[in-house]
Amino acid sequence: MRRTLIAGNWKMNGDLVTNAALLQAVRAGAQDVAAELAVCVPAPYLAQTQTVLEGSSVAWGAQDISVHEAGAYTGEVSGRMLKDFACHYVIVGHSERRSMHAESSVEVAKKTKQALANGLTPIVCVGETLSERESGSTATVVEAQLQPVLAEVSDQLKHIVIAYEPVWAIGTGKTATPEMAQEVHALIRKQLAAADNAAASEVRILYGGSMKPENAADLLAMTDIDGGLIGGAALKAVDFLAIAHADQK
Ligand code: PGA
């Protein structure tokens with residue numbers, strides 16, 4: 001049985017004042033939510049997030065992790081540092097990092113390994129661009145993004161979370177239909193099964209890309225959609241919580 005995970009990706013948004021209100025509201029609203037909730041916040045606000053959420057049912061995490069353990073890597077944040085702030089999750093390979101910071105799938109696999117080595121649960125993002133979808137290469141692209149990760153994690157597969165985020169749906173208001181998303185989620189699960197059949201049924205595969213209260217119920221109802229990675233709608237507690245309440249599994 002996979003417990004639904006609704007994870008917020010705040011991206012580079014927020015400040016001490018607005019975060020305090022948002023975190024408090026999520027904490028308060030989480031009490032009657034059956035799904036698991038998590039927020040992935042900008043690194044400078046991890047201490048604040050820990051202070052507000054500690055002792056609640058809401059988990060927290062970061063949006064990136066260094067491939068290195070420690071050393072002369074200016075600007076990087078290590079897995080050990082994230083653990084210092086009791087992070088549970090870390091997003092790796094978000095499409096914004098792949099496209100704007102040229103992160104390769106091999107690097108994403110290394111980050112996934114670093115996360116696991118530090119006791120963090122990586123949320124590994126994959127997804128095709130619009131031109132890739134239109135040229136019919138969605139399956140090939142997603143499979144190629146995931147392959148190095150599977151090679152790297154081997155027996156720890158059941159400890160990762162995957163997020164399928166079609167790039168054309170992120171922040172655009174365009175959402176994949178539940179059927180389109182389910183098709184890719186099923187392909188991903190098949191790929192996972194080929195690597196580790198037992199783990200494949202345990203791994204949660206989240207959908208991301210303009211998920212909001214209005215479309216969440218239909219997406220979350222699909223067999224292989226085990227939650228959501230929420231960007232814009234995670235910045236409003238009422239929307240974020242409404243997405244979580246839309247889960248009927
Ligand atoms: P969005 O972002 O919900 O704003 O489309 C999702 C994401 O990028 O994780």
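Every read-out reported here was derived from the displayed coordinates using simple, explicitly stated rules and does not represent laboratory data. For clarity, every value in this text was computed on a predicted model and none was experimentally measured. Quick reminder, even Gly has a Cβ in these numbers, built from the backbone with ideal geometry, and neighbours come from all protein chains shown.
Only one of these is over 22 Å from PRO213 (Cβ atoms) and surrounded by fewer than 16 Cβ atoms within 10 Å (Cβ to Cβ): GLU152, GLU134, GLU128. Name it.
The match here is GLU134.
What's the number of the only condition in (1) within 16 Å of the ligand (Cβ to nearest atom); (2) farther than 22 Å from GLU202 by Cα that LEU46 fails to meet?
All conditions are met except number (1).
Go over the candidates ALA233, ALA144 one by one and state the one that is within 15 Å of the ligand (Cβ to nearest atom), at negative phi and among the small types (Gly, Ala, Ser).
Checking each option against the conditions leaves just ALA233.
Out of the residues in the range 202-214 that are touching a residue at least 24 places away in the same chain (Cβ under 8 Å) and surrounded by fewer than 19 Cβ atoms within 10 Å (Cβ to Cβ), state the one that is farthest from the ligand (Cβ to nearest atom).
Step by step, filter the range 202-214, then rank; the result is GLU202.
Is there a residue in the range 219-228 that is assigned to a helix (DSSP H, G or I), of a type in the set (A, V, I, L, M) and within 16 Å of the ligand (Cβ to nearest atom)?
yes
Please work out which residue is farthest from ILE91 (Cα to Cα), limiting yourself to the range 114-125 and to residues that are crowded, with 20+ Cβ neighbours inside 10 Å and touching a Pro at 6+ places or on another chain (Cβ under 9 Å).
Only one residue tops the list, namely GLN114.
How many of the residues in the range 39-97 are among the charged types (D, E, K, R) and part of a strand (DSSP E or B)?
0
Quick one: what pairs do we get from the range 158-187, first residue outside any helix (DSSP H, G or I), second surrounded by 15 or more Cβ atoms within 10 Å (Cβ to Cβ) and among the basic types (Lys, Arg), C-beta under 7 Å, 6+ apart or different chains?
Every condition considered, the pairs that remain are VAL161/ARG204; PRO166/ARG133.
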